[in-house]
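One structure is given here, and the rest of the page talks about it.
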Amino acid sequence: MLKRVLKMTSSPVGLALTVAGVVLALSPEARRATRQLLVKGTASVLGAVDTVRDSTREALDVTEEAAEQTVGVLGAAAERMGTAARETAEETLDILTPDAMKADTELEERPYTH
């Protein structure tokens, strides 16, 4: 065990961890301060998670609303296009029908020549 501890102290990080462990083991004030920092850190992380979750929900709500509005606009546009196409077809028939009837009448009135 002692070899492992001595081996850890050969690097700066290992030395810092060893010193921190000894201080925490021997000092009640250090343990209390560490506990308070851990509680504050945990509260901060949980607050950040809540913020991200709320932001995600808001983004999803906005996206859903935009999608619904887009579907509504596209549906209304398609309905207007269908109405315009039907009206154009009816107007075309109204225009062509008298001319077609006139042409048929003229054909009937002409004598047949062979």
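Here are a few things to note about the model shown:
- When residues of the range 79-114 are limited to those that are over 46 Å from the mean Cα position of the chain (by Cα) and charged (D, E, K, R), the one modelled with the highest pLDDT: D94
- All positions within the range 24-39 that are surrounded by 10 or more Cβ atoms within 10 Å (Cβ to Cβ) and part of a helix (DSSP H, G or I): L24, A30, R31, R32, A33, T34, R35, Q36, L37, L38, V39
The values are calculated or read from the model by the stated rules, or taken from the named source; none is laboratory data. For clarity, every value in this text was computed on a predicted model and none was experimentally measured. Positions of Cβ are generated from backbone atoms using ideal geometry, with glycine treated the same way; all protein chains shown enter the neighbour counts.
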